[in-house]
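A short write-up of the structure that comes next.
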Amino acid sequence: MGHAWVDGRKAEGALRVNYSGDPAPGTRTRGQDALWLGHAWVDGRKTEADVEALARRLKGTGVRDLYVHSGPLEDDGTLPDADHPEARWLIGALHRELPGVRVQAWLGDVVASEGPEGLRLERPATRSAILASTRRILAAGFQGAHFDLEPLHSGDRDYLTLLDDLHALTRAHHALLSVAAHQIDPLPGFHSFWGTTTGHPKWWSQAYFGQVARRVDQIAVMSYDTMQPLPSLYGGYVAQQTGLALEATPGSTQLLMGLPFYHENRFGHRARAETVPAGVRGVRLGLSRTDAHRARFGVALYVDFAATDADWRAYREGWVGQGQGQGQGRGSEEAVARSSVPAAPACARTTVFAPHGWACPPPPPCRPG
C-alpha cells in the first residue's frame, strides 16, 4: 500500500513537470484542425440558419475538417441510407458557406472485443460490408471517412487489415481516411497491466499506434477521459500524449490531438480538470518539446453540441492566438471550469468504452447529438 502511494506521487510529480515551462513560439494552429459534429446535422434537425451560424463560429479559426456523425454502422458493417437522409444537402450547404473546409462522414460502432455485441472485425464479411458502406458514403459526396471503432485492443491485426483495404478504397476515390485513436501507454506495457486488472486495456502501445498511423491520412487521439483530477495533471498528461504520438506518427500523416468540448462528471472524466485551456497548453508543450515545426498537426474539438462559448474562446485564444489572454495559466483554466455546463443529451455518456464514450442501450443504436 505504501509503495503504491509513493509510485502515485511520483507519477503525479512527473505530470506536473510535463505541464511546466513555456510553449515555443509558433506552436499555434497550422490551419489543420477538426471538429466533430453530431447526428442532428444529417437527420433533418438542422437548417440553413444553423449552417450559417456554424460558418460564423468557425470563421478565422484553424478548422479545416468536419467529422459529421453519419452512422452508426450496424454490427454486420452495413450502413442504412436512412441514417443520414440530409447528407447531400448538408455537404452542399457547408461547401457554400465554408469553402475549403472538408466534410467527412464520422462512422462508428462498438467492437465485440470485450463482449458478445458489436462488430466482429475478424470476419471477412464484416470488413467487406464496411468497405461497401464507405463506398456509399463517398458516393453521397463526403470527402472522407472518419472511423471511431471502440474498444480496439492494442495489436489487433484485423483492424490493420481493414485499414489497409479502406485506404486503398479512399485513395482510389481521392478521399481521406481518418481514424479516432486510443491513447498511448503512459508507461511501457501499461495496456497489458490495465487489461489484466480491469478487462479493458484502454491504451495502445506506441508501436501499435504507429502501425495505425502509417495506414491512414489522419489520426486523431482521443486525449480526454483521462481520469486526471486537476487541470495541471490533465495538461501534463496531454503534453506526454502529444510527444508520444508525434514520435510514432510519420510526417506524411496528419496528427490531431483531441480537446474536450464537453462538461460531464463521471468515471474517467472530471469537467473541472479536463479543460480546454489545460488541454491546449499541454498540446503546445508536447509539440514544443518533440517536434515544434511539425507541419501536419492540429487539434480536434469534441463535440459541437456540448461546447460552451468559453470552450470556443479558450481554443481561439490559446491555440489560434486570437484575442486577449493568449497565455494558458491557471486563471483561465478556472474561468472555464466555472463556465456554464450544458445538460447531457438524451443519449448520455455511460461508458468509456463505446464510440467516444457515447453508449445507448440497444436498440436503438446511439446517435450523438
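Structure above, values below:
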{"quantity": "Karplus (6.51, -1.76, 1.60) ³J(HN,Hα), θ = phi - 60°, over the stretch 126-131, in Hz, Gly and Pro reported as x", "calculated": "5, 5, 5, 5, 5, 5"}
{"quantity": "Fully extended contour minus Cα-Cα distance, from GLU247 to HIS174, at 0.36 nm per residue", "calculated": "23.5 nm"}
{"quantity": "Length-normalised contact order of the stretch 203-332 in % [C-alpha pairs under 8 Å, at least 6 apart]", "calculated": "28 percent"}
{"quantity": "Karplus-derived HN-Hα couplings along the stretch 38-54 (A = 6.51, B = -1.76, C = 1.60, θ = phi - 60°), whole Hz, x at Gly and Pro", "calculated": "x, 5, 4, 6, 10, 10, x, 7, 9, 10, 4, 4, 5, 5, 5, 5, 5"}
{"quantity": "Gyration tensor verdict on the stretch 223-321 (Cα atoms; rounded if a/c is under 1.5, prolate if a/b is larger than b/c, oblate otherwise)", "calculated": "prolate"}
{"quantity": "Heavy atoms of MET227: accessible area, 1.4 Å probe, square angstrom to 10", "calculated": "60 Å²"}
{"quantity": "Student exercise, the stretch 1-82 dipole from Lys, Arg, Asp, Glu Cβ charges, in Debye to nearest 20", "calculated": "720 debye"}
{"quantity": "Other-chain or far-sequence residues with amide H under 5 Å of VAL63's (modelled H)", "calculated": "ASP33"}
{"quantity": "Unit Cα scatterers, Debye sum, the stretch 67-187: log10 I(q)/I(0) for q = 0.11, 0.13, 0.18 Å⁻¹", "calculated": "-0.37, -0.51, -0.93"}
{"quantity": "Label point distance in nm, ALA24-ASP81, each placed 7 Å from Cα along Cα→Cβ", "calculated": "5.0 nm"}
{"quantity": "Cα-based shape type of the stretch 36-76, given that a ≥ b ≥ c are square roots of the gyration tensor eigenvalues and the cut on a/c is 1.5", "calculated": "oblate"}
{"quantity": "Computed over the stretch 8-109: relative contact order in percent, which uses C-alpha pairs under 8 Å that are six or more apart", "calculated": "32 percent"}
{"quantity": "Whole-Å distance, taken between Cα centres, linking the stretch 209-278 and the stretch 135-154", "calculated": "20 Å"}
{"quantity": "Length released on extending from ARG96 to ALA207, taking residue separation times 0.36 nm less the Cα-Cα span", "calculated": "35.9 nm"}
{"quantity": "P(r) tail fraction, the stretch 1-140 - alpha-carbon pairs more than 17 Å apart, %", "calculated": "70 percent"}
{"quantity": "Accessible surface of the stretch 93-142 [probe 1.4 Å, protein heavy atoms]: carbon and sulfur percent", "calculated": "53 percent"}
{"quantity": "³J(HN,Hα), Karplus 6.51/-1.76/1.60, whole Hz, each residue of the stretch 255-261, x for Gly, Pro", "calculated": "9, 10, 9, x, 10, x, 9"}
{"quantity": "Sequence ranges 311-320, 17-26, ranked by mean other-Cβ count within 10 angstrom, highest first", "calculated": "311-320, 17-26"}
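The values are calculated or read from the model by the stated rules, or taken from the named source; none is laboratory data. Because the structure is a prediction, the values reported are computed rather than measured. Using ideal geometry, Cβ is built from the backbone for each residue, glycine included, and neighbour counts are taken over all protein chains shown. Side chains included, ligands, DNA and RNA excluded: accessible areas come from the protein's heavy atoms. Shrake-Rupley method; radii C 1.70, N 1.55, O 1.52, S 1.80 Å.
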